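The values are calculated or read from the model by the stated rules, or taken from the named source; none is laboratory data. Every value quoted in this text rests on a predicted model; they were computed, and no experiment measured them. Because the Cβ atoms are built from the backbone with ideal geometry, glycine has one as well, and the counts that use them run over all protein chains shown. Note: areas computed on protein heavy atoms with side chains; ligands, DNA, RNA excluded. Shrake-Rupley method; radii C 1.70, N 1.55, O 1.52, S 1.80 Å.
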Amino acid sequence: MWAHIQARNASTCALLLVTLSVHMPQTHLLSKLPIPDSQVITINPQLPVEEAAEDYAKKLRKAFQGDSIPVFDLLILGVGPDGHTCSLFPDHPLLQEREKIVAPISDSPKPPPQRVTLTLPVLNAARNVIFVATGEGKAAVLKRILENKEDSLLPAALVQPHTGKLCWFLDEAAAGLLTVPFEKHSTL
C-alpha cells in the first residue's frame with residue numbers, strides 16, 4: 001500500500017494531489033477527504049504494465065511541471081516483511097533505476113506479478129517520507145532496516161530523502177525487537 005499526497009500552496013493557487021496504488025481503493029482514504037477527482041492521479045490498470053507506467057509518469061510530469069523528478073511534500077509508504085516498499089523488491093534490478101520516475105515490474109516476487117512503481121529517485125526527492133508498519137510480522141525486518149548497517153540494501157532502507165525528513169510510525173508489535181531508542185506515544 002502506498003499513497004502520495006502533495007500539497008502546494010501559492011498565493012494564486014492551491015493544489016492537493018493524491019496518487020494511489022491500484023491496490024488502495026479510493027474509498028479507503030479519499031472517501032474521508034473532500035478531494036475532487038481532478039486532483040487524484042491513479043495508475044490505469046486497464047493498460048499493459050509498460051504502458052501503464054509510461055502513462056502514470058506522464059501524469060506525474062504534468063502535475064509537477066518543471067521538475068525533472070517530482071518532489072512530493074509527503075509520501076506515506078508501507079514496508080513488507082521482506083523489506084520491500086512500493087513495488088521495489090530486494091535484489092531486483094529496479095533498485096538500480098536512475099532515469100525513470102515510474103517503472104513497470106513484470107516479475108514481482110509477490111502477487112500480482114505485474115506492477116507499476118515509483119523509483120528510488122522519486123522517493124528520495126520527497127520533502128517528507130513516512131513509513132507506517134504494524135504487526136509482529138514486520139518486527140524482524142524493521143530491526144534489520146533500522147539497526148543493522150549491513151542490511152542497508154533492503155529497498156525500504158534505501159529510502160533516505162536527500163533534503164527531506166524520514167519518520168517511522170510503528171505499533172508496539174512492529175517495534176517489538178528494536179533496541180535503539182525511540183519515542184513511544186500513547187494510543188489515540
Here's a check for you: in region 27-48, which residue that is β-branched (Val, Ile, Thr) and part of a loop (DSSP other than H, G, I, E, B) is surrounded by the fewest Cβ atoms within 10 Å (Cβ to Cβ)? 35
I'd like to check something: does region 49-60 contain any residue that is part of a loop (DSSP other than H, G, I, E, B) and either open to solvent by 10 Å² or more (accessible area, probe 1.4 Å) or touching a residue at least 40 places away in the same chain (Cβ under 8 Å) (or both)? no
